[in-house]
1. Test each condition in (1) over 18 Å from residue 351 (Cβ atoms); (2) within 20 Å of the chain's Cα centre (by Cα); (3) within 11 Å of the ligand (Cβ to nearest atom) for residue 166 and report the one that comes out false.
2. Could you look through region 212-248, keep only residues that are of a type in the set (A, V, I, L, M) and open to solvent by 10 Å² or more (accessible area, probe 1.4 Å), and pick out the one that is farthest from the ligand (Cβ to nearest atom)?
3. Examine region 176-185 for a residue that is out of contact with any His (no Cβ under 8 Å at 6 or more places or on another chain), modelled with pLDDT of 95 or more and among the acidic types (Asp, Glu), and state whether such a residue exists.
4. Going through region 7-19 one residue at a time, which ones are within 10 Å of the ligand (Cβ to nearest atom) and free of Cβ contacts under 8 Å to residues at least 40 places away in the same chain?
5. Please work out if residue 122 is on the phi < 0 side of the Ramachandran plot and out of contact with any strand residue (DSSP E or B) (no Cβ under 6 Å at 6 or more places or on another chain).
6. Consider only pairs whose beta carbons are under 6 Å apart and that are at least six residues apart or on different chains; among these, list those whose first residue lies in region 287-306 and is under 15 Å from residue 100 (Cα atoms) and whose second residue is part of a helix (DSSP H, G or I) and polar (S, T, N, Q).
7. Can you tell me which residue within region 175-195, out of those that are in a strand (DSSP E or B) and closer than 22 Å to residue 359 by Cβ, is farthest from the ligand (Cβ to nearest atom)?
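The values are calculated or read from the model by the stated rules, or taken from the named source; none is laboratory data. On a predicted model such as this, the values are computed, not experimentally measured, just so you know. As a convention, Cβ positions derive from the backbone with ideal geometry for all residues, glycine included, and neighbour counts pool all protein chains shown. Note: areas computed on protein heavy atoms with side chains; ligands, DNA, RNA excluded. Shrake-Rupley method; radii C 1.70, N 1.55, O 1.52, S 1.80 Å.
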Amino acid sequence: CSGADVPQEQKAGWASFIKSLAQMTGDLSSMTAPPFILSPTSLTEFPAYWCEHPNLFAEISEGKTEQDRMERVLRWFIDTLSAQYTTRNEKMGSEKKPLNPVLGELFYGIWPDLNGRGETRLIVEQVSHHPPITAYYIENAKAGVKLQGHSGQKTSFTGTAINVKQSGHAVLTVQPKNGQKEEKYLITLPKLRIEGIIWGSPYIELTDTNAIQSSTGLTAQIDYKGKGYFSGKSHSFKASIANASGKSVQTYEGQWTGKSHIGGSKGPIFLDTTAPKEEVTVRDVSQQTEWESRKLWVNVAKGIRTGNYDEAGKDKTRIENEQRQRRKDETTNSTTWEHLHFTHVDSDSDYQFLSALLHDKLTPAHEDAYVFKPETMDVVGRSA
Ligand code: CLR
């Protein structure tokens, strides 16, 4: 029956949450949801999912040809999907509602240099609160690969599922190890459907398509299907790499949560995403500044983890009030909040150039971007 996975005493709360979804106007991040569905993790931590297999990220620049490198980009990209979209189900039993970051919230991490692959660094900043937008930068300088992007969401409710359209994009820059010239890859983001809402055990299925457009002219297109389309299996995809004239040069298919193959389903293995993931390394909370996510939310997270929802609620209210006061002060003083690590540009020249190379032209032709300020790489954070 509906709500089967909802704790008895929260069934009424879940029912009214579902009702309020119908009234939602595109942003559900600030909606109140019953405790059992709350996650103790802020959305500013999510960009770490781009790199839980740092080897695959580093190895992109080792590709010998343009097509080899595009295939490596595709392999790394498909590999990130299971981390991005199934981690909460694996760790917490279902998809959960993440903490809604405050403006200026920061998240830093690294993946250590193992076997000479180079250290990978992650810098995340919440650059907008209404609507929520998270900007991120990931770099492995030794390997010559860096990723810059931002992410937002528009949500709508179908009556049984939540549709999530992702806004933003990412640009990957690769300096090939063989000395060939620098390449850029525009990465657009797939659409999500959150299913299982009625039962109280939400999970994500990816839908539609996304693309990776290289400055070399090569394009990768990825099509997503759930159960009963390509293979009868959930979390399925088909991908193809095409050259500048649109001719397919290689295809791939399989599950983004498991194995996929080159060519048909009987072809050689392309990727097995079940290899152990390397979680990002983050400084201990005791060494973090007030703006760093795990320090900022420490009491809220503790309350959620231990079932002490009063404590969680109280500290969340304190944080939100403090934010409201800051915004008021800014209005009074005619100042605006300044980003620490990123500069906002209205039109991203990489997006404009690369999206024009796509056969299925993107709309809009322009998108904004948050450009990482390299001189802030070593800044430990904003002081309280
Ligand atoms: C954020 C960007 C990441 C990929 C990603 C994964 C899960 C998404 C999240 C993004 C945005 C927020 C999200 C979440 C799943 C659930 C959550 C859509 C796109 C919403 C706000 C909460 C829904 C509440 C139900 C679980 C009841 O790279």
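1. Of everything listed in (1) over 18 Å from residue 351 (Cβ atoms); (2) within 20 Å of the chain's Cα centre (by Cα); (3) within 11 Å of the ligand (Cβ to nearest atom), residue 166 misses just condition (1).
2. Step one: filter region 212-248 for residues of a type in the set (A, V, I, L, M), giving 212, 218, 220, 222, 239, 241-242, 244.
Among the residues that remain, those that are also open to solvent by 10 Å² or more (accessible area, probe 1.4 Å) are: 218, 242, 244.
Values: 218: 24, 242: 25, 244: 29 Å.
That would be 244.
3. Within region 176-185, the subset out of contact with any His (no Cβ under 8 Å at 6 or more places or on another chain) is 176-185.
Add one more test, that the residue is modelled with pLDDT of 95 or more, and what stays is 176-185.
If we keep only those that are among the acidic types (Asp, Glu) too, we end up with 182-183.
Yes, the conditions are met somewhere in region 176-185.
4. Of region 7-19, the ones within 10 Å of the ligand (Cβ to nearest atom) are 14, 17-18.
Hit for region 7-19 is 17, nothing else.
5. Working: on the phi < 0 side of the Ramachandran plot: yes; out of contact with any strand residue (DSSP E or B) (no Cβ under 6 Å at 6 or more places or on another chain): no.
For residue 122, the condition - on the phi < 0 side of the Ramachandran plot and out of contact with any strand residue (DSSP E or B) (no Cβ under 6 Å at 6 or more places or on another chain) - is not met.
6. Partner pairs satisfying both residue conditions: 293/44.
7. To start, the set of residues in region 175-195 that are in a strand (DSSP E or B) comprises 183-187, 191-195.
Those left that are additionally closer than 22 Å to residue 359 by Cβ: 183-187, 191.
Numbers: 183: 23, 184: 20, 185: 16, 186: 16, 187: 11, 191: 10 Å.
Restricting to residues being in a strand (DSSP E or B) and closer than 22 Å to residue 359 by Cβ, the top hit is 183.
Conditions tested, residue by residue: (1) farther than 29 Å from residue 291 by Cα; (2) within 14 Å of the ligand (Cβ to nearest atom).
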| site | (1), (2) |
| --- | --- |
| 72 | yes, no |
| 82 | no, yes |
| 86 | no, yes |
| 102 | no, no |
| 113 | no, no |
| 117 | yes, no |
| 131 | no, yes |
